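For reference, the structure is listed below as structure tokens.
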Amino acid sequence: MEIIELLKTKIKYAKSIVFFGGAGVSTNSGIKDFRSKEGLYKLQSKYNKPYEVMLSHTYFYEHPDTFYQFYKEFMVNKDAKPNLAHFVLSSYQKNHHNLIIITQNIDALHQKAGSENVIELHGSIYRNYCDRCHRFYYLDDILEMDNPPRCSCGGLIKPDVVLYEEELFEDDLVKAINAIKNADILIVGGTSLNVYPAAGLIRFYNGNSLIIINKEETQFDSRADYVFHDDIGKILKLLLEE
């Protein structure tokens, strides 16, 4: 608890805090992560390709019908509710205003919990665009369509999410880099830090209070100043609630 009290003091006087989160932030909301022992990539695929392959740009355009079968079953959970981690971050952000959230998740649970300053590195399931005319479609629109969803112009509708083989959205990447560079405290939570280029962003942090919260070890644990292998909601509550 001495470490917790020390970090609470650091957080109290920090001018800028960044929370950088991954799939593990949403597992308590019933959304599977990818690489843990119970993660999506450990499941036997129902299709002829591993699920990781099916989340690629190439697979999307070569097999859009099968992609959407998989996507709607495993990647979309519109009934998921924010959990303790989301609410603690939202509450802190509202009360102190010096917290920027960077997420690799596409579930918009941070926003559902009330957070506003959120950088979505990998996009959102709630935004969808025609790849021909760029018309916008809501999530409910594509869920009601047959697979693969097509625009009235005939174009294929693509979720506004970053698939494998695709680059991160440049504007969001620049915002994330600048936020991390200027952060007094960087809290990394619920991520294996194995997905690049997102995982490499923590190298831009220049401070001396890098906190990693993840149930399993990460490759960056040895570089962190503080490491908690524990439930992310529990630790965030200890650190951020007054």
By residue number, the members of the stretch 131-153 that are open to solvent by less than 70 Å² (accessible area, probe 1.4 Å) and among the hydrophobic types (A, V, I, L, M, F, W, C) are 133, 139, 142, 143, 145, 151, 153
Before we move on, is residue 19 open to solvent by less than 30 Å² (accessible area, probe 1.4 Å), more than 30 Å from residue 154 (Cβ to Cβ) and at pLDDT 95 or above? yes
For residue 94, which of the numbered conditions (1) open to solvent by less than 70 Å² (accessible area, probe 1.4 Å); (2) within 25 Å of residue 182 (Cβ to Cβ) fails to hold? (1)
Give the number of residues within the stretch 196-213 that are open to solvent by 20 Å² or more (accessible area, probe 1.4 Å) and part of a loop (DSSP other than H, G, I, E, B). 6
Which residues, taken from the stretch 43-69, are of a type in the set (A, V, I, L, M, F, W, C) and within 17 Å of residue 165 (Cβ to Cβ)? 53, 54, 55, 60, 67
Quick check on the stretch 214-233: of everything there that is aromatic (Phe, Trp, Tyr) and not in a loop (DSSP other than H, G, I, E, B), which residue is surrounded by the most Cβ atoms within 10 Å (Cβ to Cβ)? 228
Looking at 236, 186, 173, 193 in this structure, which one is open to solvent by 10 Å² or more (accessible area, probe 1.4 Å), of a type in the set (A, V, I, L, M, F, W, C) and in contact (Cβ under 8 Å) with a residue 12 or more places away in the chain? 173
Helices (runs of 4 or more DSSP H) wholly inside the stretch 73-165 that include at least 1 residues being within 22 Å of residue 62 (Cα to Cα): 139-144
For the stretch 22-65, name all the residues that are assigned to a loop (DSSP other than H, G, I, E, B), surrounded by 14 or more Cβ atoms within 10 Å (Cβ to Cβ) and among the acidic types (Asp, Glu). 33
Does residue 56 fit the bill of being farther than 24 Å from residue 216 by Cα, at pLDDT 95 or above and of a type in the set (Ser, Thr, Tyr)? yes
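The values are calculated or read from the model by the stated rules, or taken from the named source; none is laboratory data. Since the model is a prediction, treat every value here as computed from it, not as a measurement. Backbone-built Cβ (ideal geometry, glycine too); neighbour counts: all protein chains shown. Note: areas computed on protein heavy atoms with side chains; ligands, DNA, RNA excluded. Shrake-Rupley method; radii C 1.70, N 1.55, O 1.52, S 1.80 Å.
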